[in-house]
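Report on the following structure.
The values are calculated or read from the model by the stated rules, or taken from the named source; none is laboratory data. Everything quoted here is computed from the prediction, not taken from an experiment. Heads up, the Cβs are rebuilt from the backbone with ideal geometry, glycines too, and the neighbour counts pull from every protein chain shown.
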Amino acid sequence: MRIALLQLNPTVGALEANATRIEAAVRAVRGTVDVCVTPEMALTGYPPRDLLLVPGFVARGQEVAARLAAALAGGPSVLLGMPIPSGVEAGRPLLNAAVHLHAGVVGQSFAKSLLPTYDVFDEDRYFEPGLAVEALTVGDHRAAVSICEDVWNDPDVWTTRRYGGDPVAALRALATPVLLNMSASPYAQGKLAQREHLLAHLARKYGVWACYANQVGANDDLVFDGRSLAFSPDGVCVGRAAAFAEDTLIVDTAAPATAVAPWDAPVEAEVFAALVLGVRDYARKCGFTKALLGLSGGIDSALTAVVAVEALGREHVTGVLMPSPFSSEGSLTDARALAEALGMATHELPIAPVMAAFDDVLAAPFAGRPADVTEENLQARIRGSLLMALSNKTGALLLTTGNKSELATGYCTLYGDMNGALAVIADVYKTLVYRLARWVNRGGVVIPPSTIDKAPSAELRPNQTDQDSLPPYDVLDAILVRHVEQCVDGPGLEAAGFDPEVVRRVLHLVRISEFKRKQAAPVLKVTPRAFGTGWRMPIARGTWG
């Protein structure tokens with residue numbers, strides 16, 4: 001059996017455009033394969049979220065699928081991911097399905113059994129579950145069809161399972177030589193190793209060719225890395241598609257099983273590629289051709305600028321320098337040097353006159369009160385207002401530059417440096433920001449070394465550093481990883497050896513900053529748990545210990 005795994009980058013809701021993309025990919029392998037497999041929900045793009053609640057959207061999808069089937073008549077069979085009506089009187093109205101396009105018509109359908117409702121997933125909101133993996137017949141060939149989560153509940157792999165049943169266990173009764181899996185699995189650090197381990201295990205356990213077609217591209221806050229895979233029945237990886245790019249992986253089950261080399265890159269390269277794809281697709285799919293950001297001379301804005309230039313091209317990115325009386329000359333020099341190295345345009349807008357105007361307007365109500373964080377926040381909000389004005393006037397996408405450590409602890413200003421339409425590195429801890437900056441400079445200086453080496457500072461008052469308010473970033477990030485991503489509470493952190501007073505202070509900051517995160521720009525997700533769709537903490541809450 002010759003299988004084409006179509007690693008596609010759909011746009012959510014763009015039914016006709018996605019169908020055109022699928023048709024082109026199928027026609028490119030016409031006459032060379034028996035079946036083409038799209039990613040999960042390829043016709044609608046994943047995740048379509050509440051578009052699924054609009055009956056006209058689902059009905060239109062069925063019309064487009066029928067036209068696609070007719071257009072591909074005479075070609076290979078196609079397994080197309082899309083929503084279809086569930087047909088039940090009580091329950092959710094839809095199935096997360098695959099349909100078989102063959103001989104010009106939409107034929108057999110296959111429904112996803114395990115519906116993830118955790119982290120960024122909310123499929124139980126829309127879909128009825130299917131029962132088990134079922135078989136597809138294509139000519140003389142048979143293959144089992146599964147959709148994403150269906151393969152992620154094997155009792156031999158997971159000590160703790162989310163679901164009681166394992167739909168892939170039906171493979172034994174089906175006795176098919178091939179397992180096809182259609183996925184839309186978002187990127188997170190470390191996830192590729194999990195996928196490869198799981199698929200290799202399933203291939204060996206059931207003696208099948210395990211073929212995995214994954215979505216690529218970014219939709220809102222989620223980045224999909226592609227990296228579709230194929231494993232032979234002895235668990236050898238015989239095919240790997242491109243990372244973070246569209247690709248077609250051909251698998252021939254009659255050919256000798258020859259192992260292919262792994263995707264070999266450091267975590268810095270992987271995260272950088274995810275961020276670049278996230279910015280590029282967010283801009284393209286939202287209709288932006290240019291972007292702007294504030295350049296402070298600090299490491300966060302420097303890394304964000306590098307990502308933006310790589311994603312959109314230097315001619316489409318503008319940096320804005322907004323020095324205050326507290327800005328060091330070194331920061332200005334670093335910001336200018338970065339812009340020159342990247343070849344990007346800049347504006348320089350000193351904010352001292354605007355600060356003075358605010359001081360004058362607020363002199364009476366502030367009389368008798370000492371300067372404090374209020375004046376510091378005003379500086380950030382002046383800068384945020386200037387950036388928004390430039391975005392409105394030029395139509396450029398405003399990118400925020402704060403990192404995950406700052407967003408976690410509230411070390412950012414609402415309606416100030418948090419202004420923007422996309423939070424590029426807000427799922428990147430500060431310690432990883434430094435690693436990424438050094439990785440960017442691996443072949444020559446792009447980010448000035450002084451930007452990397454100097455003590456981080458918001459420069460909102462004389463001689464300010466981040467560590468005036470926060471623990472050292474190596475300590476802070478170690479606590480945050482455990483607390484945010486692994487849900488370790490205060491006693492657990494203290495038991496792990498962290499200073500109790502530091503733990504209490506950090507967790508207090510995380511808790512009281514929730515209202516800021518609820519108003520933050522969409523965060524590109526690169527860790528297992530980001531401050532975005534999958535983070536659902538209440539704002540008003542008490543403590544329990």
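Worth pointing out:
- Inspection of region 297-309 finds no residue satisfying the criterion of being surrounded by fewer than 21 Cβ atoms within 10 Å (Cβ to Cβ), out of contact with any Cys (no Cβ under 9 Å at 6 or more places or on another chain) and over 18 Å from Asp417 (Cα atoms).
- Condition broken by Val105, with the remaining ones in (1) buried (at least 18 other Cβ atoms within 10 Å of the Cβ); (2) β-branched (Val, Ile, Thr); (3) modelled with pLDDT of 95 or more satisfied: (1)
- Count of region 501-543 residues which are surrounded by 18 or more Cβ atoms within 10 Å (Cβ to Cβ), at pLDDT below 95 and of a type in the set (Val, Ile, Thr): 1
- For region 313-322, the set of residues classified as more than 17 Å from Ala389 (Cα to Cα) and either in contact with a Leu (Cβ under 8 Å, 6 or more places away or on another chain) or surrounded by 22 or more Cβ atoms within 10 Å (Cβ to Cβ) (or both) consists of Arg314 only.
- All positions within region 371-392 that are outside any helix (DSSP H, G or I) and modelled with pLDDT of 95 or more: none
- Yes/no for Leu378 being surrounded by fewer than 22 Cβ atoms within 10 Å (Cβ to Cβ), under 21 Å from Ala520 (Cβ atoms) and free of Cβ contacts under 8 Å to residues at least 40 places away in the same chain: yes
- Of the residues in region 305-314, not one is outside the structural domain of Asp234 (by TED's automatic domain parsing), more than 30 Å from Val78 (Cα to Cα), in a strand (DSSP E or B) and not acidic (Asp, Glu).
- Some residue of region 162-181 being touching a helix residue (DSSP H, G or I) at 6+ places or on another chain (Cβ under 8 Å) and not in a helix (DSSP H, G or I): yes
- Residue within region 281-292 that is assigned by TED's automatic domain parsing to the domain that holds Gly402, closer than 22 Å to Ala437 by Cα and either out of contact with any strand residue (DSSP E or B) (no Cβ under 6 Å at 6 or more places or on another chain) or in a strand (DSSP E or B) (or both) present: yes
- Condition check for Val35 on (1) without any contact (Cβ under 8 Å) to a residue 60 or more places away in the chain; (2) hydrophobic (A, V, I, L, M, F, W, C); (3) crowded, with 18+ Cβ neighbours inside 10 Å: one failure, at (1).
- Note on region 199-212: among residues that are surrounded by 20 or more Cβ atoms within 10 Å (Cβ to Cβ) and in contact with an Asp or Glu (Cβ under 8 Å, 6 or more places away or on another chain), the one that is nearest to Ile250 (Cα to Cα) is Ala203.
- Filter result (of a type in the set (Asp, Glu) and crowded, with 20+ Cβ neighbours inside 10 Å) within region 422-459: Asp427, Glu459
- Residue ID - farthest from Arg529 (Cα to Cα), chosen from residues in region 240-267 that are part of a strand (DSSP E or B) and touching a residue at least 60 places away in the same chain (Cβ under 8 Å): Asp252
- Residue count for region 237-259, restricted to those that are modelled with pLDDT of 95 or more and either farther than 19 Å from Ile425 by Cα or surrounded by fewer than 22 Cβ atoms within 10 Å (Cβ to Cβ) (or both): 16.
- Of the helices (runs of 4 or more DSSP H) lying entirely inside region 411-517, those containing at least 3 residues that are β-branched (Val, Ile, Thr) and not assigned by TED's automatic domain parsing to the domain that holds Val320 are 500-512.
- Per the listing Leu470, Leu387, Leu476, Leu399, the residue uniquely over 28 Å from Pro325 (Cβ atoms) and either in contact with a Leu (Cβ under 7 Å, 6 or more places away or on another chain) or buried (at least 20 other Cβ atoms within 10 Å of the Cβ) (or both) is Leu476.
- Residue count for region 205-261, restricted to those that are within 18 Å of the chain's Cα centre (by Cα) and not acidic (Asp, Glu): 17
- Out of Ala540, Ala478, Ala496, Ala455, one residue alone is small (Gly, Ala, Ser) and either closer than 30 Å to Asp122 by Cβ or free of Cβ contacts under 8 Å to residues at least 12 places away in the same chain (or both). It is Ala540.
- Residues of region 130-179 that are in contact with a Ser or Thr (Cβ under 7 Å, 6 or more places away or on another chain), buried (at least 22 other Cβ atoms within 10 Å of the Cβ) and at pLDDT 90 or above: Gly130, Ala143, Ala144, Cys148, Asp150, Pro167, Val168, Val178, Leu179.
- Qualifying residue in region 347-354 (condition: of a type outside the set (A, V, I, L, M), closer than 23 Å to Gly395 by Cα and in contact with a Pro (Cβ under 9 Å, 6 or more places away or on another chain)): yes
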